[in-house]
Amino acid sequence: MGNDEIITFCSSQFSQIVRESRMKLVFILVVCFHISDGKLRFASYYGDHMVLQKSPESAVLWGYGPEGVVITVYLSGPTQQQRSAEAAKDGIWRVSLDPVEAGGPYSVTATCESSTATLTDVLFGDIWLCGGQSNMAFQTSRIFNSLEELNLVAKYPDVRPFMVARDWSGTELTDIHYIRVKLPWSVPSSEVVAKFSAVCWLFGRYLHDTLKYPIGLIDSCWGGTPVEAWSSSRALQQCGLDYNDEFRRPYPSNKNSVLWNAMIHPLVKMTIKGAIWYQGESNANYHQDKYNCSFPAMIDDWRMAFHRGSGGNTAADFPFGFVQLSTYIKYSTDDSFPNIRWHQTADFGFAPNLRMQKTFMAVAMDLPDETSKGDAIHPREKKAVAYRLTLGARAVAYNETDVLFQGPFPSQILSTATYINITYDQTLSVSPSTDTFQVCCSQIQAPCGPGSVWVAAPVGRWNPDSVQLSISNLCSSAEEVMAIRYAWKDWPCSFKACPVYSASGILPAPPFIINRYAAPTTWKHSRLIL
C-alpha cells in the first residue's frame, strides 16, 4: 500500500470517526503509522486456512516488504515449489506460482534476508467472489431451516469463507485495510457460517458436493447500494453516467465507484475462478433505464480488471452468475422490479446472451416471502437461489453439457384470431393461469410499454412444449395484439407456483416481453446459447 493510499485511508477514517465515535481514534492512528513499516508480510486478504486458485490457473501471492529486497516464496505440502519475486518496489512484492492441483494442506512461506512470513493450512481449489447488496449479505442464520443448514457445516471443512468489511473510498485502493477484514479465512463452523452470506455459503457447499475439492468464498457486499457504487469510473462512462452523480440516499456508501474502490479493486491481484452477484433492488428507482447498460458494463470491467490485475491468471471472461430480482410489494402495479429483471439480462430475457456471454442467471421471482422479518424484499428461501446458481455454474463455468440450468423461454409465437400459441425451447411443466400472461391491445404499430393497455390472457391449454393463450374478445381484433408479456409484475406468482417451469419443476420460466413491432420486427425470438 502506497503512502498516498495510507493518507487517503487515514483521512477518510478520521472523518468517519468524527461522525461516529472518537473511541476508535487511537487504534486508527496506530494502524496508520505502522501499516507501511517495511516488514515482510502478505496482503491483508491472504491468511491461514485460505484457498488459493488451483490449476489450470496460477495462484498469485503478493504482499509488502523492505524496499529493493528480493523475496523468495516456498510452497510446502503435497507438492513443493520455490519462486522468487522481483525486488520489492514501492514496498510491494508479487509472485505467481506454477499451477497446483486441487488439495492440500500447504504451507506458504515468504522470506527475505531480514524476516519471514508464513501461511498455514492453505488449500488449492476454486475461489468465487460473492458481491451485491442486502440479499447477498443476508445471513445464513436468517434463512428457512437455518438450524438444519448450520448443523451440516462441519461436513464441509474445505469450503472456506472470507468476508470483507464494509468500506468506501474516493480513490482505488491497492489492498483491503487490515481493520476492514471482517472475517479472515476460516475453517467453517456453525458460528462463522451463521453470520456469513447464505447465498454465498450455499453456493459454495453445493459446488463442493459436485466438485469434491476445496472452494474459497469471498463475501464483499453492502446492503442498500446501487450498481454504480460497485462500478469503476471507466464502466460508468460507457453508459453515460456521471462520476459525480449521487444516489437518492446521500450515504457515502452510495456514491459512484466508492465500493469498487474499497471493496473490489483491492482484490484484483488475486486469481479467482468466477463471481456471483445479487443486486438490483436499489436501482429500481435510480438510473433504472440505464441498468441494461450499467450492469453488463460492470461485469465487463470487473473481468478486465481481474485479468490485468492478476497478470493474466484470472480468465479475461471469467464466469459471472447473478440472481434475477425476487419480489417486494404484493399487488403492486409498479413496473420497477419487472423492468430491472429485464434489464439484468441486457433486455434479452435470458443469460448467457450475445451481450452477456459466459454469464448465468438464477430466476427468483417465484420465491416471495410476505412474512420475512424486517421486509418482504428479503425472502428467506435462499437454498433454491443458490441451487439454481450452482446449476448455472456447473454448465457455464465447469462445462457440464448435461446440466439444464435455464428455465423455458419462447422460441416462437404464433397468433390467430382466437388464440396465441407460444412454443418454448424445452419440455414444460405447466399449471393453469388467468393473469400471468398479458397481451397489449393497440391500434398503433409501435412497441408497447408501461402506459399501454395490457389485458390478462388466460392459459387455455398446453402441450409438452407449448402454451396456448385464449384471446377471444380481449382486443377488438387479432391485428391489435401488439405485444405479449409474461410475469411482468413485482409479485407475479405465489411461492414456487408460477405457471411455467422446466419439465422437472425446478427452473421457472423467466419473465419476458416481446413486441410485434420492435427490432427484430418478428414474433420469433431465437435463443442463442453461447
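Here are some notes:
- When M163 is tested against (1) within 19 Å of the chain's Cα centre (by Cα); (2) in contact (Cβ under 8 Å) with a residue 60 or more places away in the chain; (3) over 30 Å from T72 (Cβ atoms); (4) not in a loop (DSSP other than H, G, I, E, B), only condition (2) is not met.
- Some residue of the range 367-375 being open to solvent by less than 30 Å² (accessible area, probe 1.4 Å), free of Cβ contacts under 8 Å to residues at least 12 places away in the same chain and in the same structural domain as R205 (by the TED database): yes
- Here S220, S197 are screened, and the one residue that is surrounded by 22 or more Cβ atoms within 10 Å (Cβ to Cβ), farther than 16 Å from F320 by Cα and either of a type in the set (D, E, K, R) or modelled with pLDDT of 95 or more (or both) is S197.
- Residues satisfying the stated conditions in the range 402-435, i.e. within 29 Å of T210 (Cβ to Cβ) and of a type in the set (V, I, T): V403, T427
- Scan of the range 203-227 for residues that are under 18 Å from E149 (Cα atoms) and of a type in the set (V, I, T), ordered by number: T210, I215
- Residue count for the range 392-432 satisfying the condition of being in contact (Cβ under 8 Å) with a residue 60 or more places away in the chain and not in a loop (DSSP other than H, G, I, E, B): 16.
- Here S134 does not qualify as at pLDDT below 95 and either of a type outside the set (A, V, I, L, M) or assigned by the TED database to the domain that holds F318 (or both).
- Selected residue (criterion: farthest from V323 (Cα to Cα)) from residues of the range 338-366 that are in contact with a helix residue (DSSP H, G or I) (Cβ under 8 Å, 6 or more places away or on another chain) and part of a helix (DSSP H, G or I): N339
- Counting only strands (runs of 3 or more DSSP E) wholly contained in the range 45-153, the ones carrying 2 or more residues that are in contact with a Cys (Cβ under 9 Å, 6 or more places away or on another chain) occupy 71-76, 116-132.
- The single residue among P450, P458, P432, P464 that is closer than 15 Å to I513 by Cα and either of a type outside the set (G, A, S) or open to solvent by 30 Å² or more (accessible area, probe 1.4 Å) (or both) turns out to be P450.
- When restricted to residues that are more than 15 Å from A509 (Cβ to Cβ), of a type in the set (K, R) and either surrounded by fewer than 19 Cβ atoms within 10 Å (Cβ to Cβ) or out of contact with any Ser or Thr (no Cβ under 8 Å at 6 or more places or on another chain) (or both), the range 383-423 contains 1.
- Unique match (being assigned by the TED database to the domain that holds V193 and in contact with an Asp or Glu (Cβ under 7 Å, 6 or more places away or on another chain)) among N283, N292: N292
- The range 459-503, subset part of a strand (DSSP E or B) and of a type in the set (D, E, K, R), residue farthest from the chain's Cα centre (by Cα): R461
- Selection over the range 290-322 of residues that are surrounded by fewer than 19 Cβ atoms within 10 Å (Cβ to Cβ) and free of Cβ contacts under 8 Å to residues at least 24 places away in the same chain gives a count of 4.
- The residues of the range 175-194 that are open to solvent by 30 Å² or more (accessible area, probe 1.4 Å) and not aliphatic (A, V, I, L, M), listed by number, are Y178, R180, K182, P184, S189, S190, E191.
- Taking the numbered list (1) under 23 Å from the mean Cα position of the chain (by Cα); (2) open to solvent by less than 10 Å² (accessible area, probe 1.4 Å) in turn, D158 passes all entries but (2).
The values are calculated or read from the model by the stated rules, or taken from the named source; none is laboratory data. Note that the coordinates shown come from a computational prediction; the quantities given were computed from them, not determined experimentally. Positions of Cβ are generated from backbone atoms using ideal geometry, with glycine treated the same way; all protein chains shown enter the neighbour counts. Just so you know, the surface numbers come from the protein's heavy atoms only, side chains and all, with ligands and any DNA or RNA stripped out. Shrake-Rupley method; radii C 1.70, N 1.55, O 1.52, S 1.80 Å.
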